[in-house]
Amino acid sequence: ETGVTQTPRHLVMGMTNKKSLKCEQHLGHNAMYWYKQSAKKPLELMFVYSLEERVENNSVPSRFSPECPNSSHLFLHLHTLQPEDSALYLCASSQDGRGSYNEQFFGPGTRLTVL
Amino acid sequence: AQKITQTQPGMFVQEKEAVTLDCTYDTSDQSYGLFWYKQPSSGEMIFLIYQGSYDEQNATEGRYSLNFQKARKSANLVISASQLGDSAMYFCAMREAGGTSYGKLTFGQGTILTVHP
């Protein structure tokens, strides 16, 4: 496996279900990100983990719960979602350090549909 | 206020011709980075090109070049010799230093490029 992988690629869930999205990066990076991409909207940064510590939470509802057990893996746990949460969820990673501008590498995304 | 503005929701270009996708940005930082990403219908975001605010020369990567005009706060993407496979959504993004050590990107709304044969 190379780059950034995400599973599942597609997910349909009911409002009462609990599911998790998984992201894995094989690039040796030290920062990982969750983005939400809704139709006709710019990508919205949800969470940032740097060195396995959550450093940013952009006013995301508590029904989204991130987890970063190590520098290579990132999860997004979902529970009691709403139909408006249907979107493409993108994971990214980068090698970061103060003053550096290394690009973020993205995974293929999980297309989530909440019924 | 929007930090990244892409004013062209859609663009069309003939195969083998050049096309320019517009991007303007707003920041008070002196140190920042500008990125362009391509998103095909498959959904994956593909990094294309990067320009640092202190870079004096415009960035180039193969058929992609970035027309960086710092005073105007614009960072337009130029694709030369368009190919059918270039049809995709294109996003401009900015990373501000902001005192953080991690990369926080702000994205524009994107431009859908369609290449006609």
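The values are calculated or read from the model by the stated rules, or taken from the named source; none is laboratory data. All values reported here derive from a predicted model rather than from experimental measurement. Using ideal geometry, Cβ is built from the backbone for each residue, glycine included, and neighbour counts are taken over all protein chains shown. Protein only, heavy atoms only, side chains kept; ligands, DNA and RNA dropped before computing areas. Shrake-Rupley method; radii C 1.70, N 1.55, O 1.52, S 1.80 Å.
Of the numbered criteria (1) of a type in the set (S, T, N, Q); (2) open to solvent by 30 Å² or more (accessible area, probe 1.4 Å); (3) within 23 Å of A:SER50 (Cβ to Cβ), the one B:THR27 fails is (2). Is it true that A:SER65 is under 14 Å from the mean Cα position of the chain (by Cα) and more than 14 Å from every other protein chain (Cβ to nearest Cβ)? Criteria met by A:SER65.
Is it fair to say A:THR16 is away from chain B (no Cβ under 12 Å) and at pLDDT below 90? Yes. If you go through region B:6-32 and keep only what is closer than 15 Å to B:PHE107 by Cβ and of a type in the set (D, E, K, R), you end up with B:ASP22, B:ASP26. Taken together, B:TYR37, B:TYR32 contain a single residue that is hydroxyl-bearing (Ser, Thr, Tyr), within 10 Å of chain A (Cβ to nearest Cβ) and under 27 Å from A:HIS10 (Cβ atoms), which is B:TYR37. Being at pLDDT below 90, open to solvent by 20 Å² or more (accessible area, probe 1.4 Å) and under 14 Å from the mean Cα position of the chain (by Cα) holds for only one residue in A:ARG111, A:ARG54, and it is A:ARG54. Filtering region B:66-117 to residues that are at pLDDT 95 or above and polar (S, T, N, Q) leaves B:ASN67, B:GLN69, B:SER74, B:ASN76, B:SER80, B:SER82, B:GLN83, B:SER87, B:THR111, B:THR114. Is it true that some residue in region B:76-83 is closer than 30 Å to A:ARG9 by Cα, within 16 Å of the chain's Cα centre (by Cα) and of a type in the set (S, T, N, Q)? Within region B:76-83, one or more residues are closer than 30 Å to A:ARG9 by Cα, within 16 Å of the chain's Cα centre (by Cα) and of a type in the set (S, T, N, Q).
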